[in-house]
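The values are calculated or read from the model by the stated rules, or taken from the named source; none is laboratory data. Model, not experiment: these values are computed from the prediction. Cβ sites come from the backbone with ideal geometry, for glycine too, and all protein chains shown count toward neighbours. Just so you know, the surface numbers come from the protein's heavy atoms only, side chains and all, with ligands and any DNA or RNA stripped out. Shrake-Rupley method; radii C 1.70, N 1.55, O 1.52, S 1.80 Å.
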Amino acid sequence: MSEQNLGITEIEIEYARLKERYVDLMIRADYMEQYFNAMVYGSLFAYEIDATEDKLLSIPDLIADMYKCRKNSSYNALLKLLCRDRVSETDCKVVYDTVSREAILKAYRNGSRQISIDYLGKGKEDRLTWFQNRLFLIQHPVSGNIHAIVTIKNVQKEKLRDLNLQKRAQEDALTQLANRSYMEEQIRLALQENNDFHCLMLLDIDNFKLINDTFGHQTGDEVLKTFSKMLISKFRKGDIIARLGGDEFLVFMKNANPAIVEPRTKSILESCKTLMGSDSKIKISPSIGISFFPEHGVNFDSLYKNADIALYSSKQKGKNTYTIFSGKIIE
């Protein structure tokens, strides 16, 4: 009798254990369903692939009809077609190399469980639009194969917002020229690239405080914006034009032949004579200091210091002129 009771007890224990495991599996299954739903939320498309066997396990109807592919078709073959037709030419290769079957398997072996890439793709009417591919990598519990949930989202609004925030961090708010920190970073990078001639030019507007005091700060702001637009018109797209603060500006001419710098500087002085209009009561003029790389310095700090010395000399000469640094280099 006791042996029989013992057998029943063991069965009951095993049943309770299996029941507990079943409940645990159900909870996990519910969690995973919510997890996958969260992953694909907001996606234009979402589908599952078996990267180990290079198979499509599911495929959105629109893509299936467009490319005549079905379940168990090759994922890599579809990816090549999508990159060719729906990804910009500049981003095509990097997208394929990042999310191909081989890239997925390599990422999983290296411990990654997600892959993400932003790229310019072709949206409605083939307009270039920012998209994001995110792949969530998992190992199938039975086969052991590496699967991926592939999602494609339109991230145009987010990307434009991020680019706008980045632009605002690099620009002077009033003039939209480069701000001081961004300017310095870009010049330091330019000086590392090659050993060509460069020119660093410092400018400030003569008697600007008097303009503010006489006509008001709003008018002063208009003078700064007008002066900035004039500078932009005088230089090439690749040159760096920045507002340092107040009425102080800097121009860095990349690969600048020294022979063109003086005519360009004289053109600035001439344009300022009628910059605010021939009938305007506001007359402005700049004082300018110039230094050259590598003659007057081989780094930003020395070029800036020597241009500043030259600017001070222009002020001492009576303003409304330019001076090219000469003498001993200050490092």
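With the requirement that a residue be among the small types (Gly, Ala, Ser), touching a strand residue (DSSP E or B) at 6+ places or on another chain (Cβ under 8 Å) and assigned to a helix (DSSP H, G or I), what does the stretch 57-105 give you? Answer for the stretch 57-105, where residues must be among the small types (Gly, Ala, Ser), touching a strand residue (DSSP E or B) at 6+ places or on another chain (Cβ under 8 Å) and assigned to a helix (DSSP H, G or I): just ALA103. In the stretch 255-267, the count of residues that are at positive phi, part of a strand (DSSP E or B) and within 31 Å of the chain's Cα centre (by Cα) is zero. Against the list (1) in contact (Cβ under 8 Å) with a residue 60 or more places away in the chain; (2) exposed (fewer than 14 other Cβ atoms within 10 Å of the Cβ); (3) over 29 Å from SER181 (Cβ atoms), the condition ILE282 fails is (2). Applying a threshold of 7 Å to beta carbon distances and a minimum spacing of six or more residues, or different chains, the list of pairs starting in the stretch 237-257 at a residue that is without any contact (Cβ under 8 Å) to a residue 24 or more places away in the chain and ending at one that is open to solvent by 30 Å² or more (accessible area, probe 1.4 Å) and of a type outside the set (A, V, I, L, M, F, W, C) reads GLY238/LYS254; ASP239/LYS254.
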